[in-house]
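S.K.: Starting off with a structure, shown below.
The values are calculated or read from the model by the stated rules, or taken from the named source; none is laboratory data. Given the structure is predicted, the values throughout are model-derived calculations rather than measurements. Methodologically, a virtual Cβ is constructed for each residue, glycine included, from the backbone with ideal geometry; neighbour enumeration extends over all protein chains shown. Note: areas computed on protein heavy atoms with side chains; ligands, DNA, RNA excluded. Shrake-Rupley method; radii C 1.70, N 1.55, O 1.52, S 1.80 Å.
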Amino acid sequence: MLRVDDAERHADAEAALRLILASPGGGRAEFWRPWRISRLTQLMTLGPMLPAWVTSRWILEQARQDLSPATRSITAGAVDAAVALRGGPAALAGKDPTDARAKVVDGDWSYRQTYLFDLGGLETFLRDRASAELIASADRIDEWARAKMGGFQLVGHGPTVTTWADLASGEVVEVPALGSGVLMLPGEHAIGRLVPIEGGRMFETAPLAVPEYVARQVADDPFGWRDTLEEDREAGGQVKTGGHRFGFIADVPDVVLLLTVLPDLDWKADPSDAEIVAALMSTAKDALAEHAGLRRGPADEVPLWPCLAAAVVDPLIVSAVVNAPGAADAAVLERLGGLLAEPAGAVCRSMAVGARAAA
């Protein structure tokens, strides 16, 4: 595990993945987090097409999994804060106290925010652990470490960007359409941290859906966000900070991706690569028809664009298209390549080349 951590700190995803697969059990889920393996696979497979902000997000994940002595007090403080915000140990899910704590570390939104930003976990990792080459390949990661919490209102989803209103400044902010707010309706509210990237801004992870009054109070007092969430919980609010799976290249939950992009596949029957690609093409054609005004879904339908962006960078789907390029429609992939946010657009353009060669 320490050797894998070291390979990641030196920006070598391929070496890290090789070490995991060569370990006893070959990357078994009982020891290695499956989303870590997926992340390394994406980095190794899509490397040349990935923008520098992907490395910045990789650094966040490395900082979260760091086990060095310098982070022990940070971890303990962040766990205590997250558990208190959930209502104490009795409110946690888990087989036992150790399992419950692990679930907080892995999937609690408030733990992640407290650990990385409020208690300095990211700054500590950048100062003490990250290699020069890892930091050099990231996108303004030093500024990410100083990002403040904010309150936002979702304006709408487009093929390339998702639009939010910053409640503190009144500014309209466009971020890459990677899945932020994918389960929210325009007009609903969230809190999160905007960070700078080359050519714009993005959320460092998917923002947390909250009632309007919570978002506005956080916008007015960014450093008091935990107190605001605590007040909401004590008043009977339903904000859910636990049970999250944090995205890497995209922020669409896996179950949403399956239900929107690949809705009719029978996974118990182990669909073929060609069937997976055919399902992807069908959903892509629906999205393009909607974009051209030839199709209109229900107003509360999950937007297809961020789901497609998440799908085309998913290792399972990338592998399916590589293995069954003849099932892909090159023209559809080319059109997606000109619409989807990067790096999904670049991946589609690359896939289109393979599909044309196989035709």
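S.K.: State whether one or more residues within region 190-201 are at pLDDT below 95 and either out of contact with any Ser or Thr (no Cβ under 9 Å at 6 or more places or on another chain) or outside any loop (DSSP other than H, G, I, E, B) (or both).
M.R.: Within region 190-201, one or more residues are at pLDDT below 95 and either out of contact with any Ser or Thr (no Cβ under 9 Å at 6 or more places or on another chain) or outside any loop (DSSP other than H, G, I, E, B) (or both).
S.K.: Kindly indicate which of Val105, Val54 is in contact with a Lys or Arg (Cβ under 9 Å, 6 or more places away or on another chain) and either open to solvent by less than 60 Å² (accessible area, probe 1.4 Å) or not polar (S, T, N, Q) (or both).
M.R.: Answer to the check: Val105.
S.K.: Here is a follow-up. What are the residue pairs meeting all of these: first residue in region 278-292, first residue more than 16 Å from Ala330 (Cα to Cα), second residue open to solvent by 30 Å² or more (accessible area, probe 1.4 Å) and part of a helix (DSSP H, G or I), Cβ atoms under 9 Å, and 6 or more apart or on different chains?
M.R.: His291/Arg335
S.K.: Can you tell me which residue in region 34-51 is surrounded by the most Cβ atoms within 10 Å (Cβ to Cβ), limited to those that are under 27 Å from Leu194 (Cβ atoms) and in contact (Cβ under 8 Å) with a residue 40 or more places away in the chain?
M.R.: Residue satisfying both the conditions and the ranking: Arg39.
S.K.: What helices (runs of 4 or more DSSP H) completely inside region 39-130 contain at least 2 residues that are within 18 Å of Met149 (Cβ to Cβ)?
M.R.: Counting at least 2 such residues, we get 52-65, 72-86, 109-113, 121-128.
S.K.: Checking Pro306 against (1) open to solvent by 10 Å² or more (accessible area, probe 1.4 Å); (2) closer than 26 Å to Ala215 by Cβ, which test does it fail?
M.R.: (1)
S.K.: Output the qualifying pairs, or none if there are none: Cβ atoms under 8 angstrom, residues six or more apart or on different chains, first residue in region 127-151 and at positive phi, second residue part of a helix (DSSP H, G or I).
M.R.: Qualifying pairs under 8 Å: Arg140/Ser56.
S.K.: Return yes or no: is Ala284 open to solvent by less than 10 Å² (accessible area, probe 1.4 Å) and over 28 Å from Leu185 (Cβ atoms)?
M.R.: Spelling it out, it is not the case that Ala284 is open to solvent by less than 10 Å² (accessible area, probe 1.4 Å) and over 28 Å from Leu185 (Cβ atoms).
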